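Okay, structure first, notes after.
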Amino acid sequence: MTQKKNSRDRAVFATRFGAIATTVGSAVGLGNIWRFPYEAGIHGGGAFLICYMAFVFLIGIPVICAEFCMGRQTRSNIFGAYRKLRPGSPWYLAGYIGILASILILSFYSVVAGWTVEYCLTSAFGQLDFTDTATGHRQFMEMTTGWRPVVWTVVFLLCNFIILIGGVTKGIERASNILMPLLFLLLVSFCINSFTMPGFYEGLSFLFSPDFSKITPSVLLGALGQAFFSLSIGLGCMMTYASYFNNNSRLGKTAMTTALLDSMVAVLAGIIIFPAVFSFGLSPEAGPTLVFEVLPYIFSQLPAGVIWSTLFFLLLFLASLTSTVSMSEISITYFCEEKKMSRQRATIVSSLLGLAGGLVCALSFGPLSHVTICGQTFFSLFDYLSSNICLPLGGMICCVFVGWFVDKKIIRDQFTDRGKYRFPLLGVLVFCLKWICPIAIFVIFLNSIGLLHL
Ligand code: PHE
């Protein structure tokens, strides 16, 4: 992150590009490449995609805007932002939802990011075996069950910790400005390769031709959770990043660019995964393991597959790091600014919390797989609670707050950069924040617990 200090001695991004690159860096990660295909796979493909896209545009973009507005206006963490805009009111309690979500997400995310580290190294040493689907499956099971994932989760969390404590965020973000476009190019080439697969049409029609009868309450809730997870919203992450934006960051454009790029990467991932799923006779409903079981076959079809797969997993690992750095920032700024800890101490505390959660999640594929709560392992419970409950709830509170309780002049100033630019969509944005987003989220919640039938 290119940073300089502003008058109040808080770091700010020096350029508009820096602001966009970091928000995209936070948004693009395992959510697009790992979580989107598996969620789409279990929720009927096209039906899920339609709901997901609708939520990104109708709810996601307004929520990003609301978070941006609060963050840059107040230049503080999620608690401080609510408090500064409504002193003495209990709104700041919404911050606890954000902290809880960030720790739950860091926990299970690190396990999957750990798999990418292991795949990257195994592939680099030429030990990924792609001979047939049964070998691929056995290989994946060996990597994810037992104690092995614990090691890789710890390795990943250590990398995250080193970046945060060493203050090399600057370096990783500068590197990601080059590496993320490279990841994008790689995805585009794999996408082109999908055209040559025997299951291309089947895969594409699974993803793009919606069967509306498949839209159930759980598809709606899943798509809503995926939109929030993928855009890194509802937990104060975009708010925290916006608190570092400079005064010419054009919030509306930044929000739009982030949402578009993020959705594009998710759709690309879908175009890569589903044709392969059908070509190799696998089931799209495999769940969290889907992408890791399918990708090696794609690489096995390519000339110099080892190089492609090593590069891909390396880039995916880096994309995960820019996301975990951003989610860790929420609890770090909280401990620093609210609990008055030094940044170093705050980083240690938040990393230890992530480690505790990460260990439990890593073991839920092996020794703790029989421990379930409401029928879910720790891994899937953490994922469900954070993505489908905490994030939409946090987002709903944020919309209601900005739509109803923040002075319109503040919103206008933020979106026009104090009158410097025009922002003709202001009325639409406020209408969405006041009515559409909160009502839609509330209805989806009621629908998913069976209190309302759509
Ligand atoms: N959006 C990130 C991804 O798609 C995950 C994330 C969620 C990051 C919440 C920060 C906060 O991988």
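The values are calculated or read from the model by the stated rules, or taken from the named source; none is laboratory data. These numbers were taken from a predicted model, which means no experiment stands behind them. For neighbour counting, all protein chains shown are included, and Cβ atoms are generated from backbone atoms with ideal geometry for every residue, glycine included. We work out accessible area using only protein heavy atoms, side chains counted, and drop any ligands, DNA or RNA first. Shrake-Rupley method; radii C 1.70, N 1.55, O 1.52, S 1.80 Å.
Conditions first: (1) touching a helix residue (DSSP H, G or I) at 6+ places or on another chain (Cβ under 7 Å); (2) farther than 27 Å from Ile441 by Cβ; (3) surrounded by fewer than 21 Cβ atoms within 10 Å (Cβ to Cβ). Lys340 passes all but one, so which condition is the exception? Every condition holds for Lys340 apart from (1). Pairs are defined by a Cβ separation below 9 Å, a sequence spacing of at least 6 or placement on different chains, a first member in segment 15-32 that is under 14 Å from Phe68 (Cα atoms), and a second member that is away from the ligand (no atom under 15 Å from the Cβ) and among the charged types (D, E, K, R); the pairs so defined are Arg16/Arg250; Arg16/Lys253; Ala19/Arg250; Ile20/Lys253. Residue count for segment 44-61 under the criterion of being more than 13 Å from the ligand (Cβ to nearest atom) and either outside any helix (DSSP H, G or I) or among the aliphatic types (A, V, I, L, M) (or both): the result is 10. Of the residues making up segment 93-139, those that are aromatic (Phe, Trp, Tyr) and surrounded by fewer than 20 Cβ atoms within 10 Å (Cβ to Cβ) number 3.
Determine, yes or no, whether Gly354 is open to solvent by less than 50 Å² (accessible area, probe 1.4 Å) and not in a helix (DSSP H, G or I). Considered against the rule, which asks whether it is open to solvent by less than 50 Å² (accessible area, probe 1.4 Å) and not in a helix (DSSP H, G or I), Gly354 comes out as no. Do the conditions hold for Ser320, that is, is it open to solvent by less than 50 Å² (accessible area, probe 1.4 Å), at pLDDT 95 or above, within 16 Å of the ligand (Cβ to nearest atom) and closer than 26 Å to Ser76 by Cβ? Answer is no for this residue.
When the residues of segment 13-43 are filtered to those that are surrounded by 23 or more Cβ atoms within 10 Å (Cβ to Cβ), away from the ligand (no atom under 16 Å from the Cβ) and not in a helix (DSSP H, G or I), the one that is modelled with the lowest pLDDT is Phe13. Residues in segment 104-130 that are β-branched (Val, Ile, Thr) and free of Cβ contacts under 8 Å to residues at least 24 places away in the same chain: Thr122 alone.
Which of the helices (runs of 4 or more DSSP H) found entirely inside segment 176-275 contain at least 3 residues meeting this: open to solvent by less than 50 Å² (accessible area, probe 1.4 Å), within 16 Å of the ligand (Cβ to nearest atom) and not polar (S, T, N, Q)?
Result: 217-230, 237-242.
Listed by first and then second residue, the pairs with beta-carbon distance under 8 Å, at least 6 apart or on different chains, first residue in segment 217-243 and closer than 13 Å to Phe36 by Cβ, second aliphatic (A, V, I, L, M) and within 10 Å of the ligand (Cβ to nearest atom), are Gly225/Leu391; Phe228/Leu391; Phe229/Ile105; Phe229/Leu391; Ser230/Ala27; Ser230/Ala266; Leu231/Ala27; Leu231/Met238. Set side by side, the residues Ser300, Ser283, Ser309 differ, and just one is touching a Leu at 6+ places or on another chain (Cβ under 9 Å), in a helix (DSSP H, G or I), open to solvent by 10 Å² or more (accessible area, probe 1.4 Å) and more than 16 Å from the ligand (Cβ to nearest atom), which is Ser300. Annotation: of all residues in segment 323-346 being of a type in the set (D, E, K, R) and in a helix (DSSP H, G or I), the one that is farthest from the ligand (Cβ to nearest atom) is Arg345. Within segment 143-160, identify whether any single residue is away from the ligand (no atom under 16 Å from the Cβ), surrounded by 20 or more Cβ atoms within 10 Å (Cβ to Cβ) and not in a helix (DSSP H, G or I), and answer yes or no. The answer is no; no qualifying residue exists.
Checked across segment 91-101, the condition of being of a type in the set (A, V, I, L, M, F, W, C) and outside any helix (DSSP H, G or I) holds for no residue. Does Gly88 fit the bill of being open to solvent by 20 Å² or more (accessible area, probe 1.4 Å), more than 30 Å from Gly357 (Cβ to Cβ) and not in a helix (DSSP H, G or I)? Yes.
In summary, Ile178 fulfils each of the numbered conditions (1) within 30 Å of Ala346 (Cβ to Cβ); (2) touching a residue at least 60 places away in the same chain (Cβ under 8 Å) with the single exception of condition (2). Among the residues of segment 358-366, is any within 16 Å of the ligand (Cβ to nearest atom) and either in a helix (DSSP H, G or I) or of a type in the set (A, V, I, L, M, F, W, C) (or both)? Yes, segment 358-366 contains at least one residue that is within 16 Å of the ligand (Cβ to nearest atom) and either in a helix (DSSP H, G or I) or of a type in the set (A, V, I, L, M, F, W, C) (or both).
Just checking, which of Ala259, Ala255 is closer than 13 Å to Ala27 by Cβ and over 14 Å from the mean Cα position of the chain (by Cα)? After ruling out the rest, the residue left standing is Ala255.
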